[in-house]
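Quick one: this structure, given as structure tokens, is what I'll be asking you about.
The values are calculated or read from the model by the stated rules, or taken from the named source; none is laboratory data. No experiment lies behind these values; they were computed from the predicted model shown. Cβ atoms come from the backbone with ideal geometry, glycine included; neighbour counts cover every protein chain shown. Only protein heavy atoms, including side chains, enter the accessible area calculation; ligands, DNA and RNA are left aside. Shrake-Rupley method; radii C 1.70, N 1.55, O 1.52, S 1.80 Å.
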Amino acid sequence: MAPFLDATTAVSDMTLNHLLLYCRPGFESDCANEIQSVSARLGIYGYVKTRENAGYVTFISHEPDGALQIQKKQRFSGLVFARQWVAAGEMIADLPMKDRVGALTAALADLPQCGEVRLETADTNEAKELSVFCRKFAHPLRQGLRKAGLLTKTEDPRKPCLHLFFIDSCNLYAGISRPGNNSPWPMGIPRLKFPKEAPSRSTLKLEEAFHVFVPRDEWDTRLASGMKAVDLGAAPGGWTWQLVNRHMFVSAVDNGPMNRDLMESGLVTHLQEDGFLFQPAKSVNWMVCDIVDKPSRTAGRMADWLVNGWCREAIFNLKLPMKQRFTAVEAAIDKIQSRLAEAERHCSLTIKQLYHDREEVTVHAKLES
Ligand SMILES: C[S@@+](CC[C@H](N)C(=O)[O-])C[C@H]1O[C@@H](n2cnc3c(N)ncnc32)[C@H](O)[C@@H]1O
């Protein structure tokens, strides 16, 4: 695979052998299994440190710039369980309370100049209190970093993003990620507002999926008004609401009842059928599926849709109630990929555990024309 070297590729004089991966609390072992598999494939060796429910995992490379190497050779979007990744050094411990800014700017002196700084924590209840500290500390720290030349005067997306990941107010990891190969959101969490007219909270899963999988400047062509969509397992209609909100015509397949207001939009046809047997009369632009079933069964049916070209793009969930979630995802994706290969269909597949996903991951599939 070609390395992702570009203008923002950072060269650091600081040892960056810790790759921090932020994840949903409870998914540390899946995130750890995944990074071990990725690093082994890249030939960058090291070991992983995890703590249950910590909300992050640390991969420690045997090479001094191992974490940076992984960021250069691997696409962030190719990781399923990581919400964000940071190439960092050893933990910066025991910051003096009296002059945290001074101590930090000294500790970061060997990092390349960054275009943005994010003060972050794990997404845990314990860490919530720390976010108050982070908000207060952000302003003086930014000033200190700018004065020391470590941060550009205004935000510059061509330069690396500096992450300060606080364990508590005196202990943190500091490191970098590269815009274009990281999550654009602080803590890797998109803050979406629940649309109060939507019939269920799971509407946010599909909205987040649009943000993650479809570049914003392509929404008007790929999520366009008048397109045809099928929603399998649609009731009560949170996902259908997102499609209708983009003025698409939706066939909503579910034996359960659909939200009345949504039906009044005139854009939805409710089909009380089995979503795993439903087949569209004509190819549609989008198929989405939120049916709760075994990943292997869902994968099999999603493969039918893609191999037969019943849709151009699809977004679906793989539900993961089991322990070995990384293995289950790999098996489901392998199943889809081998069906596509047999049929000589070219299709991109991207898999991510979204912030709004719980025991599940979301898959985006796009057939190449
Ligand atoms: C998690 S809910 C979907 C929620 C929906 N995405 C929303 O945003 O409101 C799963 C739905 O799948 C439906 N379902 C389960 N098995 C199904 C099947 N074989 N065919 C169609 N619908 C199915 C259930 O009736 C349920 O309404």
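What spacing in nm lies between the two simple spin-label points modelled at residue 63 and residue 126, each 7 Å away from Cα in the Cβ direction?
Result: 3.3 nm between the two label points.
At a probe size of 1.4 Å, how large is the accessible area of residue 170, to the nearest 10 Å²?
20 Å²
Continuing with the same structure: Check each of the GluC sites (Glu not before Pro) in region 206-270 and keep only those in coil by DSSP with at most 16 other C-beta atoms within 10 angstrom; list them in order. Present the calculation step by step, with values, prior to reporting the outcome.
Values: sites: 207, 208, 218, 264; in loops: 264.
Filter output for region 206-270: 264.
Moving to a separate point now. Might you list the cysteines of the chain that have no disulfide-compatible partner by the rule of another cysteine's Cβ under 4.7 Å?
Lone cysteines by the Cβ rule: 114, 134, 161, 170, 289, 311, 347.
How long are the three semi-axes of the equivalent ellipsoid of region 169-295, in whole Å, if each is the root of 5 times an eigenvalue of the C-alpha gyration tensor, listed from largest down? Working shown, then result.
Working: eigenvalues 204, 54, 44 Å².
Semi-axes, largest first: 32, 16, 15 Å.
Based only on Cα atoms, what Rg/Rh ratio does region 203-367 have, Rh being taken as Kirkwood's radius?
With Rg and the Kirkwood Rh in hand, the quotient comes to 0.94.
How big is the gap, in Å, between the Cα center of region 167-204 and the Cα center of region 314-369?
Going from one Cα centre to the other spans 22 Å.
Residue by residue, what Karplus-based ³J(HN,Hα) values in Hz, rounded to whole numbers, does region 264-275 have, using 6.51, -1.76 and 1.60 with θ = phi - 60° and x for Gly and Pro?
For region 264-275, the Karplus-derived couplings read 5, 4, x, 9, 10, 10, 8, 10, 8, 9, 6, x Hz, x marking Gly and Pro.
Next question. Along each of the three principal axes of the Cα atoms of region 128-196, give the extent in whole Å, ordering the values from largest to smallest.
Its Cα atoms span 45, 30, 19 Å along the three principal axes.
Sorted by accessible area (1.4 Å probe), largest first, how do 287, 91 line up? Provide the component values of the computation, followed by the final result.
Numbers: 287 0, 91 75 Å².
Largest accessible area first, the residues go 91, 287.
What pairs from 282/323; 196/228; 128/193; 193/366; 49/153 go past 30 Å between their alpha carbons?
Long pairs (Cα-Cα over 30 Å): 282/323; 49/153.
Once both labels are modelled 7 Å past Cα along the beta-carbon direction, what's the residue 51-residue 143 spacing in nm?
3.3 nm
Give me the aspartates and glutamates in straight-line cross-link reach of residue 294: C-alpha distance below 14 Å, same-chain residues under 8 apart excluded.
330, 359, 360
Please compute the per residue accessible area over the chain with all protein chains in place, 1.4 Å probe, rounded to a whole number of Å². Don't skip to the answer; put the middle values down first.
Details: 17050 Å² over 369 residues.
For the chain, the per-residue accessible area is 46 Å².
Hey, any idea what % of region 203-367's accessible area is carbon plus sulfur with a 1.4 Å probe?
The computed percentage sits at 47.
Here's a follow-up. Determine the order of 347, 161 by accessible area, beginning with the largest, at a probe radius of 1.4 Å.
Details: 347 30, 161 0 Å².
Of 347, 161, the descending order of accessible area is 347, 161.
Let me ask something else about it. With N denoting the number of residues in region 70-188, provide Rg(C-alpha) divided by 2.2 N^0.38 Å, to two decimal places.
Details: Rg = 13.8 Å, N = 119, 2.2 N^0.38 = 13.5 Å.
For region 70-188, the normalised Cα radius of gyration comes out at 1.02.
Over the C-alpha atoms of the chain, what are the Rg and the largest Cα-to-Cα span, Dmax, in Å?
22.1, 70
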